[in-house]
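The values are calculated or read from the model by the stated rules, or taken from the named source; none is laboratory data. On a predicted model such as this, the values are computed, not experimentally measured, just so you know. Cβ sites come from the backbone with ideal geometry, for glycine too, and all protein chains shown count toward neighbours. For the accessible areas, the whole protein counts, side chains as well, though only heavy atoms, and no ligand, DNA or RNA atoms are used. Shrake-Rupley method; radii C 1.70, N 1.55, O 1.52, S 1.80 Å.
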Amino acid sequence: MPRPELLLLILKICTSYSTEPERYFLLDLWCYRCMMVWSCCKCVAKYTSRSHLSLHLSSHSSDADSDDDHELHICSLCRGLKDSHFIYVALDSALYCAHCDQVFTDKNILELHIKIEHDKRNVSLFVCLVCGCRLFRRKNDLRKHMQDVHSVYHMDSDLCAVSRLQDITFPCEECKELCVLSKYCIKHKDCTKAMSTPAPSSKSVCIEHSNLIPKCHSCQKCEESFDNCNNLWSHMFIKHENSDFVCNLCPPDSKIVIKYVHLLVRHMKKHHTMQLRISSVSKHIKSKTQIFVDGAIHFKCTDCPTIFTSFNGLKNHLDIHSGEKDYACHICKKVFVRHSTLENHTKAVHENIREFQCKVCGRAFFDVSNLKQHMRIHTGEKKYVCETCGASFVHRGSIIVHNYSHINAQFVCSYCGNIYKNPRALEGHIRNAHTNPQKNICDVCGKEFKMKKLLKEHMAVHTTDRPFVCEFCPSAFKLNKHLRQHYKVHLK
């Protein structure tokens with residue numbers, strides 16, 4: 001409350017008391033019940049001193065005028081006197097930050113302030129700039145939220161980074177009152193605009209397309225039919241689980257295969273601007289994939305032996321099996337499932353960034369995780385152990401392939417009928433034998449290879465480097481397989 005209005009209120013109350021001691025008692029009581037804090041006119045920050053407020057106002061320098069009025073007593077943001085930036089706060093509602101001079105009246109905002117500005121773990125945080133009501137720890141979680149909730153598939157996640165409380169402060173869409181982690185104040189959070197969904201519900205849309213697309217609500221596996229897409233897809237996913245479907249709204253020649261629920265919801269929102277509500281299917285799949293490992297709940301992929309500690313982790317993993325690759329490299333046109341994988345591909349392949357170098361053999365890697373995996377080759381550590389037979393492996397991918405040998409699975413080539421023990425071998429066979437194989441040509445001698453791995457081994461012919469050194473003698477080799485073959489000499 002500004003000083004003139006406050007004084008008028010105090011004087012009005014005091015004059016109602018007849019004796020002077022009673023008036024002084026009321027003034028003392030008021031002073032002990034309230035405190036004066038200095039409030040920013042641009043955000044929700046409040047300070048116990050005017051000097052700290054002046055320092056804070058400089059953080060809004062991009063919004064301030066370019067003149068030197070800040071050297072005087074005029075605020076460069078609102079063009080008013082800095083002395084008018086104080087308000088009175090009741091002592092029983094004041095909450096102090098233990099790390100700085102800020103004062104809060106809301107416990108949740110204080111916790112957010114400490115989490116964002118004083119967390120010693122330096123955890124990265126990102127906010128959705130569309131709805132403004134959610135924080136994310138990973139860029140992938142933010143991108144998934146933007147796709148599933150707002151149908152936004154291309155965005156710059158760096159613009160959503162949060163480093164201070166101002167980054168999650170938004171004016172109310174209705175009254176422009178400043179709100180933290182929300183775009184609607186308490187008065188308007190239940191208004192129609194705030195409660196509206198980004199995509200129309202399936203029931204309203206189904207009435208329109210049921211007249212345009214014949215039998216669009218008929219089951220693709222049996223004779224049943226339904227009145228909307230929600231009931232149709234709930235029936236197909238539960239009654240005909242482990243089956244592949246096609247989108248019931250896309251043209252018949254589109255051949256878009258739908259296998260997982262979350263990908264169906266994403267597809268409907270992206271291509272048909274429709275919001276599906278089939279939570280019963282998600283609960284059904286969650287219960288089907290749930291297993292117990294050492295007494296804890298885990299979730300096992302239905303297409304491979306991979307196990308996850310959370311259902312969201314399983315859903316992110318299923319993108320690999322979906323075959324949907326929406327992110328294409330603008331240089332080589334290679335497509336990827338995730339935007340983060342595309343970014344890593346661009347840096348590692350086209351920009352040739354290798355910041356992490358092995359101190360043993362000098363080989364450089366794009367990220368530290370690849371370097372750590374590589375170091376196990378030199379240390380002999382085999383971290384991944386098969387629980388069935390006890391075989392140990394250096395890399396995680398090796399044990400995943402090995403696990404298929406215990407389940408007697410057969411993967412048949414749809415082109416020639418050849419049978420393989422794991423999906424990785426089948427995928428390589430189809431790529432090299434049936435589909436348009438990628439030409440792997442040596443830049444030095446022009447020799448062509450069917451597999452990229454063979455080309456890499458061949459490139460050792462054109463170099464004098466011998467990075468693979470024997471631990472028992474001075475022998476060195478260009479290829480790791482030659483070193484392993486050499487070790488047999490020392491075993492005799």
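Brief remarks follow.
- Checking D253 against (1) among the acidic types (D, E); (2) closer than 20 Å to K315 by Cα; (3) assigned to a helix (DSSP H, G or I), the condition it does not meet: (2)
- Taken together, the residues in the stretch 351-369 that are open to solvent by less than 50 Å² (accessible area, probe 1.4 Å) and among the charged types (D, E, K, R) amount to 1.
- Number of positions in the stretch 422-450 that are crowded, with 16+ Cβ neighbours inside 10 Å and part of a loop (DSSP other than H, G, I, E, B): 1
- Scanning the stretch 435-455 turns up at least one residue that is over 35 Å from the mean Cα position of the chain (by Cα), within 30 Å of E471 (Cβ to Cβ) and in the same structural domain as K481 (by the TED database).
- Condition met for V281 (in a helix (DSSP H, G or I) and open to solvent by 70 Å² or more (accessible area, probe 1.4 Å)): no
- Criterion (surrounded by 13 or more Cβ atoms within 10 Å (Cβ to Cβ), under 23 Å from the mean Cα position of the chain (by Cα) and without any contact (Cβ under 8 Å) to a residue 40 or more places away in the chain) met by exactly one of K286, K315: K286
- Being among the hydroxyl-bearing types (S, T, Y) and surrounded by 15 or more Cβ atoms within 10 Å (Cβ to Cβ) is a property that Y415 lacks.
- Residue within the stretch 230-237 that is assigned to a loop (DSSP other than H, G, I, E, B) and more than 22 Å from D319 (Cβ to Cβ) present: no
- Test: K270 is open to solvent by 70 Å² or more (accessible area, probe 1.4 Å) and either in contact with a strand residue (DSSP E or B) (Cβ under 8 Å, 6 or more places away or on another chain) or assigned to a strand (DSSP E or B) (or both): no
- Verdict on F308 being exposed (fewer than 14 other Cβ atoms within 10 Å of the Cβ), farther than 30 Å from K215 by Cα and among the aromatic types (F, W, Y): no
- The stretch 392-408, subset surrounded by fewer than 16 Cβ atoms within 10 Å (Cβ to Cβ) and closer than 25 Å to F472 by Cα, residue modelled with the highest pLDDT: S392
- Qualifying residue in the stretch 455-477 (condition: over 30 Å from V489 (Cβ atoms) and open to solvent by 40 Å² or more (accessible area, probe 1.4 Å)): no
- Filter pass, M375 being at pLDDT below 80 and either under 32 Å from the mean Cα position of the chain (by Cα) or open to solvent by 70 Å² or more (accessible area, probe 1.4 Å) (or both): no
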